[in-house]
Structures are given as C-alpha cells and as structure tokens.
Amino acid sequence: ALFVPQIFPGVAGCLYTMNESRTTLSEVSRWLEPEHTETSFAASACWGLRRGRPHVSHVADTDIPCQHLDHSGVPGLCVPLTALGEAIGLLYFEDRTKDATAADAPRLYLELIAENIGLAIANLQLRDRLINLAVRDALTGLLNRRSLDEALNNLHRDQSARTVICMMIDIDHFKRFNDEFGHDAGDEVLRHVGQIVADTVGDAGTVYRFGGEELTVIATDMADEQGFALAEKLRTSVFGTPFSYRARIVGPLSVSVGVASSPVSGPTTTLINRADGALLKAKLNGRNRTVAAFVVEADGELRVERS
C-alpha cells in the first residue's frame, strides 16, 4: 500500500490472501481506493486464479471478465500469488482511465512484484504456523502449558494488571469415559469442552490446556465475585450442552472448577496451587461444582469463600 503508489500513481489496487481451506480470498490491503472489485469473494470468481496466470478484464482482447468485478467496464489486471506451486493470494490492479494504458505498460514489472510478494507471504504464513505449533495444543487448538507459564511470568514482571483470576477446570469421570467409548471419543470430549470454555470466556480471559483433561483460564482485572460467576457460567454451559459421538447422545458431560485470585505481585505458582486445591475440593465434594479459594488478607490464611 505504501510502495506501489510511488511507482504507479495511476493504478489502484488490492492485495488478497487465501483462507486456510483455499476457497475464499479476503482483502488485507488496498491503495488509491479501487472501486470495482469486492472485498471478499470465492477463489472460483477470479479467472486469474482458475487459470493460474495473470488475467486482464474489460479490454477488447479478453474473452471474459472476472466475476469479482462489477460491470463498469474499468480495466483490471489480476495476478495470482503463488509459492511452491500453490496459490496463496491475489494482486488486483485497476485502471480508471478505461484504456488499460496504466495496467498494460508495467505489466511485466507488476508480475515480478507479485512473484516476490507471493514468496514473502508464504514465508510469513509458515512462520505463523510454526509459532502456532509451538504455543498451541494440537488436539484442542487452545494455548498450551508453555504459553500459560510465559503468560504468568509476563504478568508477574509487568504488574500493569491489579489482580489475576485463575480457574482450574477438570472434566469429570474422563477416564471412565475413555474406557467405555475409547480414546477417540475422549479426544472429541476434550475438543467439545475446550470449545465451550473458549466461547464462554470470550474476551474476558484466556483459555489454556493445562494437561490431560485439565484446562486453565487466566483473567486479569476481574473482581473475585465476577471470577466466580464466570466459572459457574462455564460449568453450567458444559453441563447444559448436549454432546454426541457417532450420532449418539452421550453424557451429560460435567466439569469441576477451582477458582483463586491473587495480586500480580504475588507468586504465580501459589496462584495455580490454590486454584488446584480448590479444584480438588470440588472433586471431593461430588464433582460438577465450583469452589473458590481466596487468601484472607488480614492473616494470610487460605479459606474457601464460595462453593
């Protein structure tokens, strides 16, 4: 968006990238305000992508215009972005003079730019995939234990937040479920519960897979009462959402939740341990319940506030 207008001031355009399924393109950047192309469209709507080579629309020597353009007749050039033989995006250039002069004269150079941009985008996407593999759990898609440890250490160093709420969540009777239905079903349960917890927490906090059938939620600047209410909300959401495996309703599923809070200046390991202790109490008291443990500031002793 900064570079192209300096070289071709008469050519507007857009940069599109493919989604993961390689079915849809979405605009990620634009310059000089192109007016005759859509911001998002199916990959099949561009003849450049379908044919795997640059395609010019709305000029005398072309057979058919791309479907993502309107019927204004303004000439447009679509240059596919490829890397390792795979289409990953599209560069669109638009000439409002309707004589194709601006798009035709530098076409070779535009295609050269597209080749370099394609390789650059492929490298960035590869880097993002590698980062995701390092910080996310492969089964649930949630952030992993390593990410949790880094987040807690950053909170302890930063101290911009006043308080931290930690929730330890354990799926009830998970081993029995695995033994009865198999480990594939257990994997589906983990994905199911992880998605419900992530959807329920939303922007209020961050969800991690702690290990095994345990999940962890970290939220900052949240009062104890709000933390307990959120924990209860996600517990009831899991219990109230039907789970089906191989077209058969299984369940109901339930989780036990332990909640603890701490000032950021306090040790984060103690926060995890207190939340884990509250979780253990929830399991011992019959499961499918939430127990919150807070430190009483007057004497520093631990006591259960809510259950």
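The values are calculated or read from the model by the stated rules, or taken from the named source; none is laboratory data. Computed from a predicted model, the values in this text were never measured in an experiment. Note that each Cβ is placed from the backbone with ideal geometry, even for glycine, and that neighbours are counted across all protein chains shown.
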Notebook entry, point to check: If you check ASP170, ASP203, ASP184, ASP158, which single one turns out to be touching a helix residue (DSSP H, G or I) at 6+ places or on another chain (Cβ under 9 Å) and in the same structural domain as LEU279 (by TED's automatic domain parsing)?
Noted result: ASP170
Item checked: When residues of the stretch 222-262 are limited to those that are of a type in the set (Val, Ile, Thr) and modelled with pLDDT under 90, the one surrounded by the most Cβ atoms within 10 Å (Cβ to Cβ) -> VAL250
Check: Name the residues in the stretch 173-215 that are over 16 Å from ASP137 (Cβ atoms), surrounded by fewer than 20 Cβ atoms within 10 Å (Cβ to Cβ) and touching a strand residue (DSSP E or B) at 6+ places or on another chain (Cβ under 6 Å), would you?
Finding: ALA204
Margin query: When the residues of the stretch 34-73 are narrowed to those that are touching a helix residue (DSSP H, G or I) at 6+ places or on another chain (Cβ under 8 Å) and of a type in the set (Gly, Ala, Ser), which ends up surrounded by the fewest Cβ atoms within 10 Å (Cβ to Cβ)?
Written below: SER44
Check: How many residues are surrounded by fewer than 17 Cβ atoms within 10 Å (Cβ to Cβ) and β-branched (Val, Ile, Thr) when one looks only at the stretch 10-27?
Finding: 2
Notebook entry, point to check: For the stretch 1-52, what are the residues that are acidic (Asp, Glu) and part of a strand (DSSP E or B)?
Noted result: GLU27
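Residues ILE131, ILE117, ILE121: which one is exposed (fewer than 11 other Cβ atoms within 10 Å of the Cβ) and among the β-branched types (Val, Ile, Thr)?
One residue alone meets the criteria, ILE131.
Right, VAL59: closer than 20 Å to ILE121 by Cβ and among the β-branched types (Val, Ile, Thr) or not?
Values: closer than 20 Å to ILE121 by Cβ: no; among the β-branched types (Val, Ile, Thr): yes.
When the stated conditions are applied, VAL59 does not pass them.
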Notebook entry, point to check: Do you know which of the residues in the stretch 263-295 that are crowded, with 21+ Cβ neighbours inside 10 Å and in a strand (DSSP E or B) is modelled with the lowest pLDDT?
Noted result: ALA293
